[in-house]
Structure formats: C-alpha cells, structure tokens
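Chemist: Please find one structure pasted underneath; my questions will follow.
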Amino acid sequence: MASLRTRVDDWLDSRAPPVPTIGLSERRRLDLLARHGDFSLAYSTATQAGLSYFGDEDGYIAFQTKMGRHFVLADPVADPAQRAGLLARFVEAAGTPWFVQVGARTAETLAGLGYLVNRMGFDTALPLPASDFSGKRNETVRYSERWLDKKGFTLAEDDGTLVSPADVEALSAEWRSGRIVSRREMAFLNRPFLVTPGPLMRRFVLLDGDRRLVALLDYDPMFRDGEVVGYTTAFKRKVADATPHAEVGLTKFSVDRFRAEGVPTVTLGLSPLADIGPSGFAESALWRSAFDRAFRSGFVNRTRFNLKGQAAFKRRFHGEEEPVYIAFPKGSAFGMLALLRLVKAV
C-alpha cells in the first residue's frame, strides 16, 4: 500500500506545473535569513531538508510539492518591499499554489490575487521587556520556576557541554513514544528534531538533582537587517514523568535570559486551529467551520493532536495572539487532503 501511494504521489507530482527553482546554498539562505528573516518560521524555511526555492539571490519563497500541489511554507524571505512582487511571480509560475502559515501582510497580498484566506490558528508573541511575568495573572508561571529551584532542579542554557548527544537522543525517543501518534512526527510546518542544534539556534535544559536531563527547549532566531530581533520556540522535549512545572519554568527561564540580553521579542509558535474567527478577507466558510470543529473535537484531541493543550499552554504566558493564515484557490478539497498528507496529519 505504501509503495502504491508513493507511485501515485510521484505521478501526481509529475503533473504539477513546473516551477523554476534556484539552487541557493545553505550559507546563502542563512545570509538572506539574517537580512530578512523576521518571522517565526523564517529559520525553518532556510534549513529544513526537502524544500525547494523560488526567487533569486536577493530573496526566496520556500515550497514543497505533494500530490501535484505546490505548498509554500510561511512568508517570503526577502525585503518586505519586494515580497508582494515575489509572491505574484510565484503564483504565475506555480499555477494554483497554497500558502501555509503566513502573516497578515502576505495574506493581504494573496487576497488581492484572488485567493481565499482563512485563519489557521495564532502565534503567541511576548514583546520584551514588557512581558516580564509580573502581576497576579503570571503568578503560576513564577511559581513553576520557584518550585523547580526549591526541588533542586537546574535551569541552564546548554552550549553543548552540559548534556551529551546520547542523553538528548534518549530524551527525544522517550518523548516521541508518549505522543498521541508516536510512529511519526508532524512535517513541513515542523522540521525534524536535531540532536545537536543547528547554526544560530539556542538550547535550554532542565536537569534534576542527579544532573539527569529532564526537559529541553530549542529556539530559532529571527533577524532583521543583520540583527537578532527575536527567538521562536522550535522544539520541546521532556521525559514522560516530568513535573508539570518543567516546561513552564524552562520557558520562563529562557525568556528571562533573552530579556536580559535586550532581545525584542520571543514567540511561542503556532497554536493550530485555535481561535478560528473570520479572517477579514474573502474566505471559505466551509473550512472555517471545519477548522473550528476539529479544534473542539474530543476525538481529534485524543487520537490525532492535542490542539486544545497546545493553545492552553501558550495562553498561560499571556502574550499577544497574532493570527496566522492559510491561503488557497477555490475548489480546495483535494488540496486540503494533500496538505494533511504533507504535514503527516493523516
């Protein structure tokens, strides 16, 4: 069955509109990231294996093809003044591509090109230094860090000397075994976990009193004009019996570190299908209703992905919820199936 599916996918992909791609080296992609990568998934567009690139030496659009459809990952990595033109050229070249997890400016451009634009969840931004976890509403966040300290845990940034790769690999394997669907991880919107963080990433760890690795938290950088303007949560891992305070306390510790360094913002990443209201653009009422039902579905949350848990955790930090969007042409049923296949949700 798997081989038949692969053959069908290959046949469908061969019928997709051919898109001229550019062979940007990783070094060049990271250079462009440092100039224009000011959104949460920018680093992932530059480093995720399996992506193709449309554009030129001054900027790119990252995309992947599945079941004969081209799917763009996030916003263009290009000068903001050039993004609209780059998007228009890609739409002309790629036929009817989809755009997944894009920001408001890209959504507006695509709406102007005749796309339907729906909300697909929100990203949580913690503007710094304002988000300092003070006040009564952040009392439980502060308590988690105090509890960990009182119980003898160590919170630290790991420069590669605190935790061995073998311990990280063991932690990740244990974490995956406890997932709702343990045989696979989400793809495309998430890239594969790296035992050793990639260039420019930062890792924070929680160790117990015996210096055993309990949890880790990896961040990707965001840039503008060569300066770091933020970090975004990329990966989280923890042991099966970790205290509920582990992830909260480690998040607070890392955000406090970034604030002390003068980093302007931290984002906690996508809460998929959460708060699915009207997008403000021409949209599909069918998919808005379907997204909302999926988020609220006990079956989906129990057997596929804990959507409610993702959103509830991020809301504990009382950040600014920034809508993210999915844009697609009319007649989207087959394309939505292809997207679900691409992200390994089905």
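Chemist: Please arrange 151, 314, 344, 238 by counting, for each residue, the other beta carbons lying within 10 Å of its beta carbon, fewest first.
Modeler: The fewest-first ordering by Cβ neighbours comes to 151, 344, 238, 314.
Chemist: Would you mind ranking 292, 10 so that the residue whose beta carbon has the fewest other beta carbons within 10 Å leads the list?
Modeler: In increasing order of surrounding Cβ atoms, one gets 10, 292.
Chemist: Taking Cα centroids, how far is region 69-137 from region 50-66 in Å?
Modeler: Each part's Cα centre sits 15 Å from the other's.
Chemist: Expressed as a fraction of 2.2 N^0.38 Å, the rule-of-thumb size for a compact globular protein of N residues, what is the C-alpha radius of gyration of the chain?
Modeler: 1.00
Chemist: Which percent, nearest 5, of DSSP beta bridges in the chain are antiparallel?
Modeler: Restricted to the chain, the bridges split so that about 90 percent are antiparallel.
Chemist: Could you list the GluC sites (Glu not before Pro) in region 211-263 that lie in coil according to DSSP, counting only those with at most 10 other Cβ atoms within 10 Å of their Cβ?
Modeler: Counting only loop positions with at most 10 other Cβ atoms within 10 Å, the GluC sites (Glu not before Pro) in region 211-263 are 261.
Chemist: Still on this structure: Magnitude of the Cβ-charge dipole of the chain, K/R +1 and D/E -1, about the Cα centre, nearest 20 debye?
Modeler: 1400
Chemist: Counting pairs of alpha carbon atoms under 8 Å apart in space and at least six apart in sequence, what relative contact order in percent does region 1-141 give?
Modeler: 20
Chemist: Order these by the 10 Å Cβ neighbour count, fewest first: 326, 22, 61, 276.
Modeler: Fewest to most other Cβ atoms nearby, the residues stand as 22, 276, 326, 61.
Chemist: Also, quick follow-up: Taking just the C-alpha trace of region 129-263, give me its Rg and Dmax in Å.
Modeler: 15.2, 43
Where a number appears in this text, it was derived from the coordinates with a stated rule and is not lab data. Treat the numbers as computed from the prediction; the structure is a model and nothing was measured. All Cβ positions, glycine included, derive from the backbone under ideal geometry; neighbour counts span all protein chains shown.
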